[in-house]
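Remarks on the structure that follows.
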Amino acid sequence: MFAPRALPGGEDHVCGSAHCLMVPHWAKKQGIPEGQEMTARQVSARGGVLKLIWEEGKGILRLKGELAIIGKGELICN
């Protein structure tokens with residue numbers, strides 16, 4: 001996520017939500033078969049690496065990588 005005033009450095013190391021949008025596009029464009037692991041690198045000041053598995057038939061993207069909890073919150077739905 002990008003939150004310049006809320007996070008140290010203004011961004012997390014790797015934006016998982018952005019990869020969830022980009023991976024289906026790039027998997028198709030690159031001809032990467034469903035279920036095959038891909039590697040993505042976020043090229044930013046802090047950077048980061050993810051391993052990704054797109055399971056198109058299930059509508060699932062699996063993300064693997066290192067993490068650091070930098071904040072916590074609570075979502076209340078009425």
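Quick notes on this one:
- Reachable lysines from residue 51, criterion Cα separation under 23 angstrom, eight or more residues apart if same chain: 28, 29, 64
- Principal axis dimensions, largest first and in whole angstrom, of the stretch 8-64 by Cα: 37, 19, 16
- Counted by Cβ distance under 11 Å from residue 50, the other residues give a net charge of +2, where Lys and Arg count +1 and Asp and Glu count -1.
- In nm, spacing of pseudo-spin labels at residue 76 and residue 26 (7 Å Cα→C-beta vector): 3.9 nm
The numbers here are math on the coordinates, done by the rules we state, and not lab data. All figures in this text were calculated on a predicted structure; none of them were measured in a lab. As a convention, Cβ positions derive from the backbone with ideal geometry for all residues, glycine included, and neighbour counts pool all protein chains shown.
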